[in-house]
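Peer 1: Quick one: structure below, then a few questions.
The values are calculated or read from the model by the stated rules, or taken from the named source; none is laboratory data. Model, not experiment: these values are computed from the prediction. Please note: Cβ atoms are built from the backbone with ideal geometry, for glycine as well, and neighbour counts cover all protein chains shown. For the accessible areas, the whole protein counts, side chains as well, though only heavy atoms, and no ligand, DNA or RNA atoms are used. Shrake-Rupley method; radii C 1.70, N 1.55, O 1.52, S 1.80 Å.
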2 protein chains.
Amino acid sequence: MATTVQRHSPPTSGQEAGSEPCWPALSEAPLRRADAETLAGVLRAIADPARLQLISLIQAARGGEACVCDLVDPLGLSQPTVSHHLKVLLDAGLVSRCRRGSWAYYRLVPERLAALAQLLA
Amino acid sequence: MATTVQRHSPPTSGQEAGSEPCWPALSEAPLRRADAETLAGVLRAIADPARLQLISLIQAARGGEACVCDLVDPLGLSQPTVSHHLKVLLDAGLVSRCRRGSWAYYRLVPERLAALAQLLA
DNA sequence: GTGAGACATCGACACCTGTCGATATTCTCC
DNA sequence: GGAGAATATCGACAGGTGTCGATGTCTCAC
(Lines give C-alpha, C1' and ligand atoms only; values in the text may rest on other atoms or scores of the structure.)
Protein backbone atom coordinates (compact mmCIF):
# COMPACT_ATOMS: atom_id res chain seq x y z
CA MET A 1 0.00 0.00 0.00
CA ALA A 2 1.33 3.41 -1.00
CA THR A 3 2.51 4.73 2.30
CA THR A 4 1.76 8.41 2.30
CA VAL A 5 4.58 10.31 3.89
CA GLN A 6 2.54 11.52 6.81
CA ARG A 7 4.94 13.92 8.49
CA HIS A 8 4.41 14.04 12.19
CA SER A 9 2.28 16.97 13.23
CA PRO A 10 3.74 19.43 15.75
CA PRO A 11 3.19 18.44 19.39
CA THR A 12 -0.56 18.66 19.64
CA SER A 13 -1.81 21.15 22.16
CA GLY A 14 -4.53 18.67 23.05
CA GLN A 15 -8.13 19.63 23.64
CA GLU A 16 -9.47 20.47 20.22
CA ALA A 17 -12.87 20.07 21.84
CA GLY A 18 -12.23 22.64 24.51
CA SER A 19 -14.64 25.10 22.99
CA GLU A 20 -17.69 23.14 24.13
CA PRO A 21 -17.42 23.09 27.90
CA CYS A 22 -20.80 21.51 28.65
CA TRP A 23 -23.62 19.45 27.22
CA PRO A 24 -27.38 19.88 27.27
CA ALA A 25 -28.27 19.61 30.94
CA LEU A 26 -29.94 16.38 31.99
CA SER A 27 -32.45 18.39 33.99
CA GLU A 28 -33.60 20.39 31.01
CA ALA A 29 -36.63 18.27 30.35
CA PRO A 30 -37.08 16.21 27.21
CA LEU A 31 -33.60 15.23 26.20
CA ARG A 32 -33.47 14.72 22.45
CA ARG A 33 -32.25 11.42 21.09
CA ALA A 34 -29.28 13.00 19.31
CA ASP A 35 -28.14 14.77 22.49
CA ALA A 36 -28.62 11.58 24.45
CA GLU A 37 -26.39 9.73 21.99
CA THR A 38 -23.65 12.33 22.35
CA LEU A 39 -23.83 12.28 26.11
CA ALA A 40 -23.90 8.50 26.26
CA GLY A 41 -20.80 8.42 24.11
CA VAL A 42 -18.79 10.41 26.63
CA LEU A 43 -20.23 8.55 29.60
CA ARG A 44 -19.45 5.21 28.00
CA ALA A 45 -15.83 6.30 27.83
CA ILE A 46 -15.57 6.43 31.61
CA ALA A 47 -17.95 3.54 32.28
CA ASP A 48 -15.15 1.01 32.24
CA PRO A 49 -13.06 -0.17 35.19
CA ALA A 50 -9.76 -0.03 33.32
CA ARG A 51 -10.39 3.52 32.13
CA LEU A 52 -11.51 4.66 35.57
CA GLN A 53 -8.24 3.32 36.92
CA LEU A 54 -6.36 5.10 34.17
CA ILE A 55 -7.98 8.41 35.10
CA SER A 56 -7.15 7.80 38.73
CA LEU A 57 -3.56 6.88 37.95
CA ILE A 58 -2.98 9.87 35.69
CA GLN A 59 -4.37 12.26 38.26
CA ALA A 60 -2.23 10.76 41.00
CA ALA A 61 0.94 10.81 38.89
CA ARG A 62 3.52 13.47 39.71
CA GLY A 63 3.03 16.48 37.49
CA GLY A 64 -0.48 15.27 36.72
CA GLU A 65 0.76 13.40 33.70
CA ALA A 66 1.84 9.85 32.92
CA CYS A 67 3.23 7.95 29.97
CA VAL A 68 1.99 4.58 28.80
CA CYS A 69 4.87 2.63 30.28
CA ASP A 70 3.97 3.96 33.72
CA LEU A 71 0.41 2.70 33.36
CA VAL A 72 0.83 -0.81 31.97
CA ASP A 73 2.05 -2.49 35.14
CA PRO A 74 -0.43 -0.95 37.62
CA LEU A 75 -3.31 -1.92 35.35
CA GLY A 76 -2.15 -5.47 34.78
CA LEU A 77 -3.16 -5.28 31.11
CA SER A 78 -1.10 -5.57 27.97
CA GLN A 79 0.44 -2.48 26.41
CA PRO A 80 -1.81 -2.57 23.32
CA THR A 81 -4.88 -2.77 25.54
CA VAL A 82 -3.74 0.19 27.62
CA SER A 83 -3.09 2.17 24.44
CA HIS A 84 -6.58 1.28 23.27
CA HIS A 85 -8.20 2.54 26.47
CA LEU A 86 -6.18 5.75 26.36
CA LYS A 87 -7.36 6.32 22.81
CA VAL A 88 -10.97 5.94 23.89
CA LEU A 89 -10.43 8.55 26.62
CA LEU A 90 -8.61 10.77 24.13
CA ASP A 91 -11.39 10.56 21.55
CA ALA A 92 -13.90 11.45 24.27
CA GLY A 93 -11.84 14.55 25.10
CA LEU A 94 -11.27 13.41 28.66
CA VAL A 95 -7.48 13.26 28.38
CA SER A 96 -4.93 15.04 26.22
CA ARG A 97 -1.78 13.60 24.71
CA CYS A 98 1.61 15.23 24.42
CA ARG A 99 4.53 13.48 22.76
CA ARG A 100 7.99 14.22 24.11
CA GLY A 101 10.60 12.17 22.33
CA SER A 102 9.56 8.55 22.21
CA TRP A 103 7.23 8.98 25.13
CA ALA A 104 3.57 9.93 25.03
CA TYR A 105 2.40 11.79 28.11
CA TYR A 106 -1.27 11.80 28.98
CA ARG A 107 -3.01 14.26 31.28
CA LEU A 108 -6.60 14.86 32.30
CA VAL A 109 -8.86 17.57 30.87
CA PRO A 110 -10.47 18.73 34.12
CA GLU A 111 -13.04 20.99 32.45
CA ARG A 112 -14.41 18.00 30.61
CA LEU A 113 -14.84 15.97 33.78
CA ALA A 114 -16.31 18.96 35.57
CA ALA A 115 -18.83 19.43 32.79
CA LEU A 116 -19.88 15.82 33.17
CA ALA A 117 -20.26 16.26 36.92
CA GLN A 118 -22.33 19.40 36.47
CA LEU A 119 -24.58 17.56 34.10
CA LEU A 120 -25.56 14.98 36.70
CA ALA A 121 -26.09 17.49 39.48
CA MET B 1 -42.16 -25.77 36.90
CA ALA B 2 -43.29 -25.61 40.51
CA THR B 3 -44.42 -22.03 40.79
CA THR B 4 -43.54 -20.92 44.27
CA VAL B 5 -46.30 -18.77 45.65
CA GLN B 6 -44.26 -15.60 45.87
CA ARG B 7 -46.64 -13.22 47.57
CA HIS B 8 -46.20 -9.65 46.45
CA SER B 9 -44.13 -7.63 48.85
CA PRO B 10 -45.63 -4.41 50.22
CA PRO B 11 -45.05 -1.38 47.99
CA THR B 12 -41.31 -1.09 48.11
CA SER B 13 -40.01 2.12 49.55
CA GLY B 14 -37.24 1.93 46.98
CA GLN B 15 -33.61 2.67 47.74
CA GLU B 16 -32.37 -0.38 49.56
CA ALA B 17 -28.95 0.96 48.69
CA GLY B 18 -29.56 4.32 50.29
CA SER B 19 -27.13 3.65 53.08
CA GLU B 20 -24.10 4.07 50.83
CA PRO B 21 -24.39 7.62 49.53
CA CYS B 22 -21.06 7.80 47.76
CA TRP B 23 -18.29 5.72 46.26
CA PRO B 24 -14.53 5.87 46.64
CA ALA B 25 -13.62 9.26 45.21
CA LEU B 26 -11.99 9.20 41.82
CA SER B 27 -9.44 11.71 43.05
CA GLU B 28 -8.29 9.50 45.90
CA ALA B 29 -5.27 8.18 44.10
CA PRO B 30 -4.85 4.54 43.14
CA LEU B 31 -8.37 3.30 42.57
CA ARG B 32 -8.54 -0.42 43.29
CA ARG B 33 -9.79 -2.75 40.60
CA ALA B 34 -12.77 -3.89 42.67
CA ASP B 35 -13.85 -0.31 43.35
CA ALA B 36 -13.38 0.52 39.69
CA GLU B 37 -15.66 -2.37 38.73
CA THR B 38 -18.38 -1.17 41.09
CA LEU B 39 -18.15 2.37 39.83
CA ALA B 40 -18.12 1.31 36.22
CA GLY B 41 -21.23 -0.71 36.84
CA VAL B 42 -23.20 2.33 37.94
CA LEU B 43 -21.76 4.52 35.23
CA ARG B 44 -22.58 1.95 32.58
CA ALA B 45 -26.19 2.17 33.70
CA ILE B 46 -26.43 5.79 32.62
CA ALA B 47 -24.06 5.49 29.66
CA ASP B 48 -26.89 4.65 27.29
CA PRO B 49 -28.98 7.08 25.23
CA ALA B 50 -32.29 5.39 25.99
CA ARG B 51 -31.63 5.40 29.73
CA LEU B 52 -30.49 9.01 29.71
CA GLN B 53 -33.75 9.90 28.02
CA LEU B 54 -35.64 7.88 30.61
CA ILE B 55 -33.98 9.80 33.43
CA SER B 56 -34.79 13.05 31.69
CA LEU B 57 -38.41 12.05 31.10
CA ILE B 58 -38.97 10.86 34.66
CA GLN B 59 -37.54 14.05 36.09
CA ALA B 60 -39.68 16.18 33.81
CA ALA B 61 -42.87 14.23 34.55
CA ARG B 62 -45.41 15.89 36.82
CA GLY B 63 -44.92 14.73 40.37
CA GLY B 64 -41.43 13.60 39.47
CA GLU B 65 -42.69 10.14 38.65
CA ALA B 66 -43.80 8.27 35.57
CA CYS B 67 -45.24 4.89 34.74
CA VAL B 68 -44.04 2.67 31.93
CA CYS B 69 -46.92 3.46 29.62
CA ASP B 70 -45.98 7.16 29.77
CA LEU B 71 -42.43 6.36 28.66
CA VAL B 72 -42.90 3.92 25.80
CA ASP B 73 -44.12 6.41 23.20
CA PRO B 74 -41.62 9.24 23.83
CA LEU B 75 -38.77 6.75 23.63
CA GLY B 76 -39.95 5.07 20.46
CA LEU B 77 -38.96 1.66 21.80
CA SER B 78 -41.05 -1.40 22.55
CA GLN B 79 -42.55 -1.87 26.00
CA PRO B 80 -40.32 -4.85 26.89
CA THR B 81 -37.26 -2.84 25.96
CA VAL B 82 -38.34 0.10 28.11
CA SER B 83 -38.99 -2.26 31.00
CA HIS B 84 -35.52 -3.68 30.51
CA HIS B 85 -33.87 -0.26 30.66
CA LEU B 86 -35.85 0.68 33.74
CA LYS B 87 -34.69 -2.52 35.41
CA VAL B 88 -31.08 -1.63 34.68
CA LEU B 89 -31.58 1.78 36.28
CA LEU B 90 -33.38 0.16 39.19
CA ASP B 91 -30.61 -2.37 39.80
CA ALA B 92 -28.09 0.47 39.76
CA GLY B 93 -30.10 2.25 42.42
CA LEU B 94 -30.66 5.28 40.20
CA VAL B 95 -34.46 5.01 40.19
CA SER B 96 -36.99 3.54 42.59
CA ARG B 97 -40.18 1.67 41.74
CA CYS B 98 -43.55 1.95 43.40
CA ARG B 99 -46.50 -0.14 42.31
CA ARG B 100 -49.94 1.40 42.59
CA GLY B 101 -52.57 -0.94 41.24
CA SER B 102 -51.56 -2.26 37.88
CA TRP B 103 -49.23 0.66 37.31
CA ALA B 104 -45.55 0.84 38.20
CA TYR B 105 -44.35 4.34 38.96
CA TYR B 106 -40.68 5.14 38.68
CA ARG B 107 -38.93 8.12 40.24
CA LEU B 108 -35.31 9.24 40.44
CA VAL B 109 -33.03 8.73 43.44
CA PRO B 110 -31.38 12.17 43.47
CA GLU B 111 -28.80 11.30 46.13
CA ARG B 112 -27.49 8.58 43.89
CA LEU B 113 -27.06 10.92 40.93
CA ALA B 114 -25.55 13.58 43.18
CA ALA B 115 -23.04 11.06 44.51
CA LEU B 116 -22.02 10.25 40.94
CA ALA B 117 -21.63 13.93 40.17
CA GLN B 118 -19.52 14.52 43.26
CA LEU B 119 -17.30 11.65 42.28
CA LEU B 120 -16.33 13.26 39.01
CA ALA B 121 -15.76 16.70 40.48
C1' DG C 1 22.63 4.23 8.92
C1' DT C 2 21.68 0.76 12.53
C1' DG C 3 19.75 -1.04 16.54
C1' DA C 4 16.79 -0.58 20.43
C1' DG C 5 12.97 1.14 22.88
C1' DA C 6 8.15 3.37 23.29
C1' DC C 7 3.95 3.53 21.45
C1' DA C 8 0.09 2.75 17.92
C1' DT C 9 -2.42 -0.17 14.86
C1' DC C 10 -4.26 -4.55 13.04
C1' DG C 11 -6.77 -8.94 12.98
C1' DA C 12 -9.06 -12.25 15.58
C1' DC C 13 -11.68 -13.98 19.20
C1' DA C 14 -14.97 -14.39 23.20
C1' DC C 15 -18.26 -12.05 25.63
C1' DC C 16 -21.58 -8.59 26.70
C1' DT C 17 -25.67 -5.73 25.47
C1' DG C 18 -29.71 -3.60 23.11
C1' DT C 19 -33.56 -4.94 20.76
C1' DC C 20 -37.69 -7.43 19.56
C1' DG C 21 -41.90 -10.71 19.59
C1' DA C 22 -44.04 -14.03 22.36
C1' DT C 23 -45.51 -15.17 26.72
C1' DA C 24 -46.16 -15.07 31.77
C1' DT C 25 -47.59 -12.49 35.85
C1' DT C 26 -50.30 -9.41 38.51
C1' DC C 27 -53.63 -6.35 39.27
C1' DT C 28 -58.67 -4.18 38.59
C1' DC C 29 -63.33 -4.43 37.68
C1' DC C 30 -67.62 -6.58 36.59
C1' DG D 1 -64.04 -16.36 38.75
C1' DG D 2 -63.34 -14.30 34.13
C1' DA D 3 -62.03 -10.69 30.98
C1' DG D 4 -58.94 -7.17 30.13
C1' DA D 5 -55.07 -4.05 30.94
C1' DA D 6 -50.26 -2.87 32.62
C1' DT D 7 -45.99 -4.65 33.37
C1' DA D 8 -42.22 -8.20 33.71
C1' DT D 9 -39.74 -12.07 31.91
C1' DC D 10 -37.96 -15.22 28.30
C1' DG D 11 -35.45 -16.68 24.14
C1' DA D 12 -33.15 -15.29 20.18
C1' DC D 13 -30.48 -12.47 17.33
C1' DA D 14 -27.29 -8.74 15.56
C1' DG D 15 -23.92 -5.59 16.68
C1' DG D 16 -20.60 -3.61 19.85
C1' DT D 17 -16.50 -4.02 23.00
C1' DG D 18 -12.40 -5.68 25.73
C1' DT D 19 -8.58 -8.37 25.21
C1' DC D 20 -4.49 -10.30 23.19
C1' DG D 21 -0.30 -11.38 20.09
C1' DA D 22 1.88 -9.82 16.05
C1' DT D 23 3.42 -6.10 13.58
C1' DG D 24 4.12 -1.28 12.06
C1' DT D 25 5.84 3.53 13.04
C1' DC D 26 8.57 6.83 15.37
C1' DT D 27 12.42 8.65 17.97
C1' DC D 28 16.82 8.54 20.16
C1' DA D 29 21.69 7.07 20.86
C1' DC D 30 25.76 5.39 18.92
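Peer 1: Just checking the output field for A:49-59: average partner chain Cβ neighbours within 10 Å of each residue's Cβ? Walk me through the intermediate numbers first.
Peer 2: Values: counts 13, 4, 3, 11, 10, 2, 5, 12, 3, 0, 5.
Average neighbour count from other chains, rounded to a whole number: 6.
Peer 1: Let me ask something additional. Evaluate peptide A:42-48: per residue, the Cβ atoms of other protein chains within 10 Å of its Cβ; return the mean as an integer.
Peer 2: Rounded to a whole number, the mean comes out at 6.
Peer 1: Another question, if that's okay. Quick one: ranking B:98, A:69, B:67 by accessible area, 1.4 Å probe, largest first, what do you get?
Peer 2: From most exposed to least exposed: A:69, B:98, B:67.
Peer 1: Count, for each residue of A:103-114, the Cβ atoms from other chains sitting within 10 Å of its Cβ, then give me the mean as a whole number.
Peer 2: Whole-number average of other-chain Cβ neighbours for A:103-114 is 1.
Peer 1: Pull out a ≥ b ≥ c, the square roots of the eigenvalues of the alpha-carbon gyration tensor of segment B:33-120, then state rounded if a/c is under 1.5, prolate if not and a/b is larger than b/c, and oblate in the remaining case.
Peer 2: prolate
Peer 1: Hey, another quick one. Report, for residue B:104, each distance to the same residue's label point in the other copies, shortest first and in nm; define the point 7 Å along Cα→Cβ.
Peer 2: For residue B:104, the other copies' label points sit at 4.4 nm, shortest first.
Peer 1: Rounded to the nearest percent, how much of the accessible area of segment B:33-120 (1.4 Å probe, protein heavy atoms only) is carbon and sulfur?
Peer 2: Values: 2010 of 3970 Å².
For segment B:33-120, the apolar C and S fraction of the accessible surface comes to 51 percent.
Peer 1: Then there's this: Give the long-range amide H neighbours of residue A:67: residues separated by 5 or more places, or on another chain, with amide H under 5 Å away, using H modelled in the peptide plane at 1.01 Å from N.
Peer 2: Long-range HN contacts for residue A:67: A:106.
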